[in-house]
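*Asks:* Structure in structure tokens, see below.
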């Protein structure tokens, strides 16, 4: 038995390869939660740096496998998709900082909520990826819709101003819905999502944090999934690069949380990347319609452009904010720096 990886690719990936990849991911996650993070603890910067290096190394190793197995074209597609998803995932870190500060989540419990949040994200994104691949296979014009959406989103992000005056997560629709179905305790009970109070089973604030993280990842996926389809329509490449990028997000949060406020140009850089991949997705059909020739941006050039945009936005941010307070505190009163 084998699974066709897409009309454009004409490559068949055996079912056992899919099973091996999923089994490997689940095995690593089980090892993560059951061995390395069995006990709640505060993740240090050193530990976060080591795990970030591990996840990035695993991603690059998988890219090397794709290069050796399916050739340079597929290899560059995987690597570009990985870089796009990993860079867009950084936007989630702003949300993590926001929600942890707002709900005053004790540092030692943050890894657990991120673990389950990202596990849920893997399931949701997997479903969205295969739905998107099926739609593209049946309706090619969906690519034009995706491209136009990315172009619009990119320009919208580029022009909008950052709102940092006040945040009220209690008004978030996901939080309001959770409170409608569950009675929520105002108190934490260790790292539990549910506890018993006065004989009744109630949710803890940690459960609300998990709900919010899942909801926001779903929102972010609306941008990131079409973005990777601009690189390739091969479901295996799309799925595995997306999953590998998401898996490294937890350690990246713990590594960057204290300096994320310094990345003032990162959102603008991500906006330009979204607009660029939107153009990449639209260009072949639009150029064919206008001049009778289908123009495609080579994947290796796309990778170089995306890496350049990221490097410029990060380096410029660090230079401009060299004297900015070291840490960003976000709570129910708003956002403020902390020396």
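Residue by residue, here is whether (1) touching a residue at least 24 places away in the same chain (Cβ under 8 Å); (2) under 27 Å from residue 268 (Cβ atoms); (3) assigned to a helix (DSSP H, G or I); (4) touching a helix residue (DSSP H, G or I) at 6+ places or on another chain (Cβ under 6 Å) holds:
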| position | (1), (2), (3), (4) |
| --- | --- |
| 31 | no, no, yes, no |
| 57 | no, no, yes, no |
| 108 | yes, no, yes, no |
| 114 | yes, yes, yes, yes |
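*Asks:* I would also like to ask the following. Would you call residue 236 touching a strand residue (DSSP E or B) at 6+ places or on another chain (Cβ under 9 Å) and either within 22 Å of residue 150 (Cα to Cα) or surrounded by 21 or more Cβ atoms within 10 Å (Cβ to Cβ) (or both)? Talk me through it step by step, then tell me what you get.
*Replies:* On the way: touching a strand residue (DSSP E or B) at 6+ places or on another chain (Cβ under 9 Å): yes; either within 22 Å of residue 150 (Cα to Cα) or surrounded by 21 or more Cβ atoms within 10 Å (Cβ to Cβ) (or both): yes.
Answer is yes for this residue.
*Asks:* If we scan the range 245-256, do we find a residue that is surrounded by 17 or more Cβ atoms within 10 Å (Cβ to Cβ), more than 30 Å from residue 177 (Cα to Cα) and at pLDDT below 90?
*Replies:* As a first pass, look at the range 245-256 and keep what is surrounded by 17 or more Cβ atoms within 10 Å (Cβ to Cβ): 245-256.
Remaining after also requiring more than 30 Å from residue 177 (Cα to Cα): 255-256.
Keeping just the survivors that are at pLDDT below 90 gives 255-256.
There is at least one residue in the range 245-256 that is surrounded by 17 or more Cβ atoms within 10 Å (Cβ to Cβ), more than 30 Å from residue 177 (Cα to Cα) and at pLDDT below 90.
*Asks:* Only one of 104, 156, 179, 137 is modelled with pLDDT under 85 and either loosely packed, with under 14 Cβ neighbours inside 10 Å or part of a helix (DSSP H, G or I) (or both). Can you tell me which?
*Replies:* When all the criteria are applied, what remains is 137.
*Asks:* When you go through 227, 174, 245, 221 one by one, which is the residue that is under 16 Å from residue 103 (Cα atoms) and in contact with a helix residue (DSSP H, G or I) (Cβ under 9 Å, 6 or more places away or on another chain)? So that I can check it myself, show each step before the final result.
*Replies:* Working: 227 fails: under 16 Å from residue 103 (Cα atoms); 245 fails: under 16 Å from residue 103 (Cα atoms); 221 fails: under 16 Å from residue 103 (Cα atoms).
Result: 174 is the single residue among 227, 174, 245, 221 that is under 16 Å from residue 103 (Cα atoms) and in contact with a helix residue (DSSP H, G or I) (Cβ under 9 Å, 6 or more places away or on another chain).
*Asks:* Could you run through the range 91-100 and say how many residues are more than 12 Å from the chain's Cα centre (by Cα) and surrounded by 21 or more Cβ atoms within 10 Å (Cβ to Cβ)?
*Replies:* 3
*Asks:* Can you confirm whether residue 290 is at pLDDT below 90, over 24 Å from residue 55 (Cα atoms) and part of a helix (DSSP H, G or I)?
*Replies:* Working: at pLDDT below 90: yes; over 24 Å from residue 55 (Cα atoms): yes; part of a helix (DSSP H, G or I): yes.
In short, yes.
*Asks:* Is one or more of the residues making up the range 57-64 over 22 Å from residue 255 (Cα atoms), modelled with pLDDT of 70 or more and touching a strand residue (DSSP E or B) at 6+ places or on another chain (Cβ under 9 Å)?
*Replies:* no
*Asks:* Would you pick out the residues in the range 195-225 that are free of Cβ contacts under 8 Å to residues at least 60 places away in the same chain and within 21 Å of residue 125 (Cα to Cα)?
*Replies:* 207, 211, 215, 219, 222 - these are the residues of the range 195-225 that are free of Cβ contacts under 8 Å to residues at least 60 places away in the same chain and within 21 Å of residue 125 (Cα to Cα).
The values are calculated or read from the model by the stated rules, or taken from the named source; none is laboratory data. Note that the coordinates shown come from a computational prediction; the quantities given were computed from them, not determined experimentally. Every residue, glycine as well, gets a Cβ built from its backbone with ideal geometry; the counts of neighbours run over all protein chains shown.
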